[in-house]
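Q: I'd like to ask you about the structure that follows.
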Amino acid sequence: MKPPAFRLPTLREAGTEARLLLIGIPVLIWTMVPIYHMFLFAISPKEDAFSGKLWPTHPTLHNFHIVFYQQHYFLRDFWIQFWNSCVIAAATGALTLLIATAAAFAISRLRVPGGRWVMNLALFTYFIPAAFLAVPMYRTMGTYGLLNNHWALILAMVTIASPYAIWVLKQASDKLPVELDEAAIMDGASIPQLFRLVYVPLMMPSLVAIGTYAVLLAWNEYLYAFLLLSNDKEITLPVALGNFLAADDSPWELLMTTGFIYALPPAAIYYTFKRYMVGGLTAGAVKS
Amino acid sequence: MAITLSASELPSAPLSARLSTPQVWGIAMLVPYLLVFLAFVVYPVCYGLWLARHPASYVALFHDPIFARAAVNTLIFLVIGINFKMLVALFLSGFFIQERSWIKWLSVLFILPWAVPSIPTILSVRFMLNPEWGVVNQLIFKFTGDDGPNWLNDPTVALTMAIGMHIWKSLPFWTLILMTGRLAIPGDLFEAADVDGASWWQKFRFITWPSMQILYITCTLLSMIWTLGDFNSVYLLTGGGPADLTHVLATLGIRYLRLDQLDMSMAAIVCALPLVLPLVYFMMKRLSR
């Protein structure tokens, strides 16, 4: 069936390849243009950036130098804001994992009465568009006295991340054989031991996926961050990026440089954990 | 078949003494989530509904031309934007399952918009479209000698750009999902069709589509629900402008909040509920099986 390897492609095969390229090249351009534009600004000196060139005459890393040494009015708190983003993302990931794993274990393995009901409540929350909850959440955080406090954003992000986390973890733990639990109980394991020594190790791939999901969600969040935090020393990086828009003469090359730095960690995390994400999340996202 | 069930089936005394222990533990392990749910979902939702209790807010809302415009924009976003996006995703999912090494590489790059945060890329596009300094108009000037249009200053163009931004961001995700759907179709169906000399359209019509239509419809509905909450694509690209003509419901709520009209903000969201709740109910039915 297989044609010899050295022969020329037939007209028909060349046609297929050409048609595939005709789709592939526009897709590549469409995908890369905004990202390339951001990168181009990051490596361009100010005068090149605004000249509409597709490659700067004098590429430079000077913009990165300005950002790292906070040498601009808009960037005076860059490292604090970077740190804020890190803390909030890490705390959201850890808390979501803790809450969601416990809940999924209780619903799926311990078959708590009313567990299905809790699952439905969680799913319902998952489907409420987050922007709809933003205004009441903002007022609620004010009532709790948490505005301008990192806990406000962490708790809001945990609220948004945990329904999906519980659902994915429940789906995954339903697949573990019951015999494992039975055997462990027979051997005299207590429930905490069962959770720690049997359940968590077996669930590791899903836990990595969910942890990554929650961390990225919190790192990328703009709307809640800008509603709940306003002080320059408390805000996260995306809010700081949005604040660049406040001025008419914003230094766009610095904005793009900061944006580029801000986009690197989630992209790196995404590609590192891609196999978990694809297996654990996208398959669970839409069950056909 | 939980351990509690299997334990209760066993007659021996020591196990039946443990019977309630797992359930006590289970309830204790559910408590953290229930607390979060009560404090940050139930309370805010009730508070929001309470804020929106006055009929006067709705009267004011319906007299606000910006609300009517935002509702229309939201519908355009959902009905035209999402369906177009899903059709493209369906088409591209067929492209990305082709076995070529360059397509594998392309798919790695293709996922980038989904993997990077949306704020920097939206701002990047916003600056590309800047009428004076943006690269788009600079290129138009270079090649034609004419000044390009003021892209974000025309409500129709600006809304189209916002929809384009949304598509740019979420197309990779839905393409990936539809790819898994396509890959789940048994290959011998296509081989048999090839033997029978079926055209690509017949293969799509009689093999691909019947196996994927439920997934496709679920994805479309889910994408519509999520897009209702897409604040960034509109707010960061157009800011709702020009003249508040490109707002969608997600950004309108924040606009009223900024103007300190909380009741209007909540009323606008309550008005969207008849649209959202049936979709949510349908999705819950599908996913909670």
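Q: Hey, B:I207 hits all of (1) under 18 Å from A:A134 (Cα atoms); (2) among the hydrophobic types (A, V, I, L, M, F, W, C); (3) more than 10 Å from chain A (Cβ to nearest Cβ) but one; which does it fall short on?
A: Result: B:I207 fails condition (1) only.
Q: Here is a list: A:A225, A:A209, A:A214. Which entry is at pLDDT 90 or above, in contact with a Gly (Cβ under 7 Å, 6 or more places away or on another chain), buried (at least 20 other Cβ atoms within 10 Å of the Cβ) and not charged (D, E, K, R)?
A: Only one candidate passes the filter, namely A:A214.
Q: Within the range A:81-103, can you find the residues that are farther than 28 Å from A:V200 by Cβ and crowded, with 16+ Cβ neighbours inside 10 Å? Walk me through how you get there before you give the answer.
A: If we filter the range A:81-103 for residues that are farther than 28 Å from A:V200 by Cβ, which is where we start, we get A:81-84.
Scanning the range A:81-103 gives A:Q81, A:F82, A:N84.
Q: I'm checking my understanding of the structure. Among residues of the range B:168-193 that are surrounded by fewer than 21 Cβ atoms within 10 Å (Cβ to Cβ) and among the β-branched types (V, I, T), which one is farthest from A:I35 (Cα to Cα)?
A: Per the criteria, the residue is B:I185.
Q: Oh, and also: Restricting attention to the range B:183-196, does a residue exist that is part of a helix (DSSP H, G or I), modelled with pLDDT of 85 or more, closer than 30 Å to A:T257 by Cα and assigned by TED's automatic domain parsing to the domain that holds B:I82?
A: Restricting attention to the range B:183-196, the residues satisfying the condition of being part of a helix (DSSP H, G or I) are B:183, B:187-195.
Those left that are additionally modelled with pLDDT of 85 or more: B:183, B:187-195.
From what is left, the residues that are closer than 30 Å to A:T257 by Cα are none.
Checked the range B:183-196: no residue is part of a helix (DSSP H, G or I), modelled with pLDDT of 85 or more, closer than 30 Å to A:T257 by Cα and assigned by TED's automatic domain parsing to the domain that holds B:I82.
Q: Out of all the residues in the range B:122-173, which are among the aliphatic types (A, V, I, L, M) and free of Cβ contacts under 8 Å to residues at least 24 places away in the same chain?
A: Of all residues in the range B:122-173, those among the aliphatic types (A, V, I, L, M) come to B:122-123, B:125, B:128-129, B:135-136, B:139-140, B:152, B:157-159, B:161-163, B:165, B:167, B:171.
Result: B:M128, B:V135, B:V136, B:L139, B:I140, B:V157.
Q: State which residue is nearest to the chain's Cα centre (by Cα) when the search covers only the range B:16-50 and only residues that are farther than 26 Å from A:A161 by Cα and part of a helix (DSSP H, G or I). Spell out the reasoning first.
A: Residues of the range B:16-50 that are farther than 26 Å from A:A161 by Cα, as a first pass: B:16-22.
Going one step further and asking which of them are part of a helix (DSSP H, G or I), we end up with B:16-18, B:20-22.
Numbers: B:S16: 48, B:A17: 49, B:R18: 46, B:S20: 42, B:T21: 42, B:P22: 38 Å.
Result: B:P22.
Q: Here's another thing I want to ask about it. For the range A:71-80, what are the residues that are surrounded by fewer than 21 Cβ atoms within 10 Å (Cβ to Cβ) and either closer than 15 Å to A:I235 by Cα or among the basic types (K, R) (or both)?
A: The initial filter retains those residues of the range A:71-80 that are surrounded by fewer than 21 Cβ atoms within 10 Å (Cβ to Cβ), namely A:71-74, A:76-77, A:79-80.
Listed by number, the residues that qualify are A:F74, A:R76, A:D77, A:W79, A:I80.
Q: Could you please give the count of residues in the range B:217-231 that are assigned to a helix (DSSP H, G or I) and more than 7 Å from every other protein chain (Cβ to nearest Cβ)? Spell out how you get there, then give the answer.
A: Pass one, the range B:217-231, residues assigned to a helix (DSSP H, G or I): B:217-228.
Still in the running and more than 7 Å from every other protein chain (Cβ to nearest Cβ): B:217, B:220-221, B:223-224, B:227.
So the count comes out to 6.
Q: Cβ-Cβ distance below 6 Å, separation of 6 or more or different chains: which pairs start in the range A:4-25 with a residue that is under 22 Å from B:L92 (Cβ atoms) and end on one that is in a helix (DSSP H, G or I) and modelled with pLDDT of 90 or more?
A: Listed by first residue and then by second, the contacts come to A:I23/B:F95; A:G24/B:L106.
Q: Go through the range A:116-134 and count every residue that is at the interface with chain B (Cβ under 7 Å from one of its Cβ atoms) and more than 22 Å from the chain's Cα centre (by Cα).
A: Number of matching residues: 4.
Q: Then there is this: Just to be sure before I move on: is A:S51 farther than 18 Å from A:F244 by Cα, touching a Ser or Thr at 6+ places or on another chain (Cβ under 8 Å), at pLDDT below 90 and not assigned by TED's automatic domain parsing to the domain that holds A:T236 in the structure I sent? Spell out how you get there, then give the answer.
A: Details: farther than 18 Å from A:F244 by Cα: yes; touching a Ser or Thr at 6+ places or on another chain (Cβ under 8 Å): no; at pLDDT below 90: yes; not assigned by TED's automatic domain parsing to the domain that holds A:T236: yes.
Against the criterion (farther than 18 Å from A:F244 by Cα, touching a Ser or Thr at 6+ places or on another chain (Cβ under 8 Å), at pLDDT below 90 and not assigned by TED's automatic domain parsing to the domain that holds A:T236), A:S51 does not qualify.
Q: Kindly establish whether A:N148 is out of contact with any Gly (no Cβ under 6 Å at 6 or more places or on another chain), outside any helix (DSSP H, G or I), in the same structural domain as A:M203 (by TED's automatic domain parsing) and within 29 Å of B:W50 (Cβ to Cβ). Full working, then the answer.
A: On the way: out of contact with any Gly (no Cβ under 6 Å at 6 or more places or on another chain): yes; outside any helix (DSSP H, G or I): yes; in the same structural domain as A:M203 (by TED's automatic domain parsing): yes; within 29 Å of B:W50 (Cβ to Cβ): yes.
Yes; evaluated as a whole, the condition is true for this residue.
The values are calculated or read from the model by the stated rules, or taken from the named source; none is laboratory data. Everything quoted here is computed from the prediction, not taken from an experiment. Positions of Cβ are generated from backbone atoms using ideal geometry, with glycine treated the same way; all protein chains shown enter the neighbour counts.
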